[in-house]
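Contents: one structure, followed by commentary.
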Amino acid sequence: AGRRASLWARNPWRDTGLYQGRQGSADFSTIDYLARYGDLQQYFGKQDFSDAMDHWQTAGEDEGRNGRPVSRAAGPVSGPARTGGWDGGAWNDHMVCLDRPLTGFRLGTTRWVDKLQFKYADRGWAPLQGGQVDFNVEVVLPDGQYFVRVDYRAGGTIDSLAFVSNTGKKYGPYGGTGGSPGSFTVTPGEKLGWVAGRSGKSNYQLTFYSTGPH
């Protein structure tokens, strides 16, 4: 009962973090809970973290379902980093990634990142997003390498992207010089995981996640 009460406490996690897939407890992950059970995905949808949380609270724990995080990390956790605006439609690579690291990307850039597509280890390429220009950048990391940081510039659109691998090599920046700068570094010991965003004629928003606790 105490654990349930702590998860249901009114706080920024309940107001915002739950809908981003952030962990509200060291013992439970809405993202991993939903990804673990196909029947819940069919019933709630693959990204409905709020309903998945409600199910675990009211039924899943009593049914003996496993809601624990797939991965655990000591020390600070890097929550999702969101940048950009709110135009376009929402998309999410989580069910392609399934907690495998991001290992490649394709970009179509002008003054902005107009088109993009991400590749995940053992999972292949996720659907492309945007689409006004041809791809002019493609990077696929060698086996055993992965990304640990993303640098970006964004305002109402995604202006530029750069990726840093675990070997320290930086790819980019690709795109323009507008917008405001920012950076996302993964949870220590983890890897860059899936990406979500909003897109249409261009790419307007991106959210980056670690493969480990969120």
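Structure notes:
Yes or no, residue by residue, for (1) open to solvent by 60 Å² or more (accessible area, probe 1.4 Å); (2) charged (D, E, K, R):
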| site | (1), (2) |
| --- | --- |
| 121 | no, no |
| 132 | yes, no |
| 146 | no, no |
| 149 | yes, yes |
| 152 | no, no |
| 155 | no, no |
| 161 | no, no |
| 165 | no, no |
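- Breaking point among (1) under 18 Å from residue 150 (Cα atoms); (2) touching a residue at least 40 places away in the same chain (Cβ under 8 Å), for residue 95: (1)
- Out of 84, 108, sole residue that is closer than 21 Å to residue 204 by Cβ, among the small types (Gly, Ala, Ser) and open to solvent by 20 Å² or more (accessible area, probe 1.4 Å): 84
- The residues of region 179-214 that are within 11 Å of residue 154 (Cβ to Cβ), surrounded by 22 or more Cβ atoms within 10 Å (Cβ to Cβ) and touching a Gly at 6+ places or on another chain (Cβ under 7 Å), listed by number, are 203, 204, 206.
- Strands (runs of 3 or more DSSP E) wholly inside region 134-214 that include at least 2 residues being of a type in the set (Phe, Trp, Tyr): 147-154, 170-175, 203-210
The values are calculated or read from the model by the stated rules, or taken from the named source; none is laboratory data. Since we're looking at a predicted model, the values are computed, not measured. Cβ sites come from the backbone with ideal geometry, for glycine too, and all protein chains shown count toward neighbours. Side chains are part of the model used for accessible areas, which takes the heavy atoms of the whole protein and leaves out ligands, DNA and RNA. Shrake-Rupley method; radii C 1.70, N 1.55, O 1.52, S 1.80 Å.
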